[in-house]
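Comments concern the structure below.
Here, each number is a calculation from the coordinates, and none is a lab measurement. A quick note: this is a predicted structure, and the numbers were derived from the prediction, not measured. Counting neighbours? That spans all protein chains shown, and the Cβs are built from the backbone with ideal geometry, glycine included.
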């Protein structure tokens, strides 16, 4: 019987999630300042587009970074032939150096532990294949990046067990929540092989302090399970305090290093998702060796290795880039969150990432995920912004949305903000209608229950006046 | 509880095979014309190094594609951000056109049916994930590329059952061999999901004949299973008979509207035909939209770098370049292959008549001390350590008959090939002399001690990726 596999026909690819629906809406009607000014603005894409001019300038000054230019072509043949899964040595050295610099040179990375993968996507799958057998599981704190459902589970057969975090303590991971999730899994006969943390967090935009990381490392040591630290947003930390990496903490805490693995990529920190540069950095020799063999399934193009090696070997460039990137992210984040607060929209206090975790709980007509979906549809269809609903990140509380801010220019940002402003002002008296009325795409006359309208009045102000006593202003932004 | 997965602790990565050990020896002592003329010559690496001057001169004339530019404007940002798993449309179009050109334009391919992957390594694994469950099996004719043990089985849990081919009919696939393999799978309680063939063949260097392809189509139709045709050497066919693609046969038999049409899938890559293994450009071509959809999503785990897609879309769209490249490349491959064949002849060694690939399938059965795989290993070690040539023993390719070796010719210069052949001739001559004197010694009842020492250190080898095919 020539059936296709269950993996191929099932839903493990995760693309039926709401996360991708917004993308589809965007793709059928994408915003363009002149060609399609009423199109959907993409705010669901965590890309870093703020520093390309900086990089392009460097590239123009360094044509040897490309193996195709007159200056670089002497390397064409040897590069085109190079398929050694150890990777080009200069590439590994440059990446190791960059990773160290991003962590303030407080820790050194060994180039011989750098293993390539097909982006962080490939890295996660590879790590799952190395650490767990089908049916075994990883703990993952919520909310988490929707792609993990595919990357860690789809072809590997590994399961994910959520560690529920909530807004009461700003979604921080607590040892209690870890213990609780671990024990619940045990009771259900699920073998936990590891804990996956994303630090800095996607979608929260926050990162963990040293004590939390120490506690986490003690936890994994005690349970003898792996710790996978996805640090792909490490260089997007744009404000004090400094980012603390797992690699630093293990120098200060007794731990079995065979349990420690880092996933990295240049997709977010440098804004190069198209180049597919993923890295697995494991402190476990057996895992490093095995992952290296598995990297055959997703090596980095040698042409790209050469480009990255040239770029990241340049100390001055890296130092300047990291500083410039932080500065631009900081400015964009500040402007975005401040303007939103003026409109009465709050978000989780954050100092990293390419997005904010926006709090729209007060706009829900009821505290349910259905209401969150209704609101989300409204934001896409009426406000014409693609944002990502918290439920797609497995958030346990409805009303949170991830909104990206680094993937557009200033002009588009202004348009997005004005759309949000107009929407809030327009709906000052009115609010999200009962569900069935939402289905109509004609101009909406929204009617609202009285109690909700009063709540809206609480925090919809005229754009320039904000009560300093408003708890929303103080607590969140 | 085991700390790591079973995949880590098992051997399915295949790297303990002798195939890779020869590489390790080469790495310790690589030949260099000037710096290390006594070193080991690498003839175990199926790479095409004969035609680099052609893309290099193309690059010199096409600065735009070279420097991240389109019409003089920088498109660096656009490329750096492009991560759509549907791939760069211009690249897919250029790639399918190139594939059609290789097949004499007797078949055309739809860019919407192609999925880009990180090399053929990834393409083959992805197809397994799409077509088979853990514990299912694919039938493969022997001898086959050693990397398939890793690519098809390791992380997928799929099994390989060999279709035994022999020198009696030049290792062609026969109906009884197919049927026997199928039955063997049944006996092992393995559900057969398909057949995978490499055409042109690695390690044989031959193209499949039409009757073989017909046989395969009949077989998979009858059993209602898939056929994967790995055609990564399709552009290396340098003499007649020409290359006949499975798609061509399906078309000639008017099978486009039948169920079998959607069960035939092609794997391709630019690693062999264009000599660009480092760029990791692989592809799956399928007529089944469900397979295309699933494989496209899976390609997220190994996409082709956008800068590479862009460069190659410009190169392959240049029909003048591709035409010139194919013509010159074929000539050079043919010339080098015939030098290898005549060099072997001078040493009294024959090989399978071949018209494609980057290697020859060499017959050293007459040099074996006995018709066993132990004797083959013995001979191989002598060739690696004493003759100082790294070649690949047939057993590593799962050949059912001892004494065959794959010898690559396209990754070395003409001069190096000459040196290799001289060494081989000296070795064969010395074996002949030794055999003669052995006979004499035997006759005089004295013990004959072997002249060489085995240097076996399996503990200390470096890991090394050998996408060598």
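Over the protein assembly as shown, the fraction of Cα-Cα pairs per 20 Å bin, rounded to whole percents and listed from the shortest bin up, is 13, 42, 32, 10, 2, 0. For a test of the definition: using alpha carbon positions, the gyration tensor, and the 1.5 limit on a/c, classify the range B:106-183 as rounded, prolate or oblate. Oblate.
Averaged over the residues of B:268-279, the number of partner chain Cβ atoms lying within 10 Å of the residue Cβ comes to 4. Histogrammed with a bin width of 20 Å, the alpha carbon distances of chain B distribute as 23, 55, 20, 2, 0 percent, first bin at zero. With Cα atoms as the point set, the range A:31-118 shows a radius of gyration and Dmax of 18.5, 51 Å. Dimensions of the range B:312-355 along the principal axes, based on C-alpha atoms and rounded to the nearest Å, stand at 46, 14, 13, largest first.
What the Cα convex hull of the range A:305-401 gives, in volume per residue, is 137 Å³. What is the antiparallel percent of DSSP beta bridges lying wholly in chain B, to the nearest 5? Of those bridges, close to 50 percent are antiparallel. For the peptides A:274-280, B:45-51, the ranking by packing is A:274-280, B:45-51, with the highest mean count of neighbouring Cβ atoms within 10 Å listed first. Taking every alpha-carbon pair under 8 Å whose residues sit at least 6 apart, chain B reaches a relative contact order of 23 percent. Across peptide B:123-133, the average count of Cβ atoms from other chains found within 10 Å of a residue's Cβ is 4. Ordering A:66-79, A:166-179, A:135-148 by mean Cβ neighbour count within 10 Å, with the highest value first, yields A:135-148, A:66-79, A:166-179. By DSSP, the beta bridges lying fully in chain A are antiparallel in about 50 percent of cases. Packing order of peptides A:42-52, B:254-264, highest average first: A:42-52, B:254-264 (average count of other Cβ atoms within 10 Å over each peptide's residues). Once the convex hull of all Cα atoms in the range A:186-245 is built, its volume per residue stands at 93 Å³. Please state, rounded to one decimal and in Å, the Kirkwood hydrodynamic radius that the range B:1-136 gives when every pair of distinct Cα atoms enters the mean of 1/r. Roughly 20.3 Å, rounded to one decimal. Hull volume per residue, based on the alpha-carbon atoms of the range B:229-372 and their convex hull, is 185 Å³. Normalised Debye scattering of chain A at q = 0.05, 0.08, 0.13 Å⁻¹ gives log10 I(q)/I(0) of -0.20, -0.51, -1.28, counting only Cα atoms as equal scatterers and leaving out solvent.
Please figure out what share of the DSSP beta bridges in the protein assembly as shown is antiparallel and state it in percent, rounded to the nearest 5. Bridges in the protein assembly as shown are about 50 percent antiparallel. Based on the alpha-carbon gyration tensor of the range A:86-241 and its eigenvalue square roots a ≥ b ≥ c, which shape applies: rounded if a/c is under 1.5, prolate if not and a/b is larger than b/c, or oblate? Verdict is oblate for the range A:86-241. Above 18 Å, the calculated P(r) of the range A:1-160 contains 77 percent of its Cα-Cα pairs. Averaging over all projection directions, the Cα-based convex hull of the range A:72-163 occupies 8.3 nm² in the image plane. For the range A:68-116, just say rounded, prolate or oblate: build the C-alpha gyration tensor, square-root its eigenvalues into a ≥ b ≥ c, call rounded for a/c under 1.5, and beyond that prolate if a/b exceeds b/c, oblate if not. In terms of gyration-tensor shape, oblate. Once each part is reduced to its C-alpha centroid, what is the distance from the range B:192-219 to the range A:323-388 in angstrom? Using only Cα atoms, the two centres lie 57 Å from each other. Our note on the geometry: Cα centres of the range B:67-95 and the range A:259-291, 25 Å apart. Distance between the pseudo-spin-label points of residue B:353 and residue B:248 (7 Å out from Cα toward the beta carbon): 1.9 nm. For chain A, the relative contact order comes to 21 percent (Cα pairs under 8 Å, sequence separation of at least 6). Taking only alpha carbon atoms, the range B:307-384 gives an Rg to Rh ratio of 1.21, where Rh is the Kirkwood radius. Cα centroids of the range A:1-78 and the range A:107-127: 21 Å apart. Mean per-residue shielding of peptide A:229-242 is 0, counting Cβ atoms of other chains within 10 Å of each Cβ. Across the range A:246-340, Cα pairs under 8 Å and at least six residues apart give a relative contact order of 17 percent.
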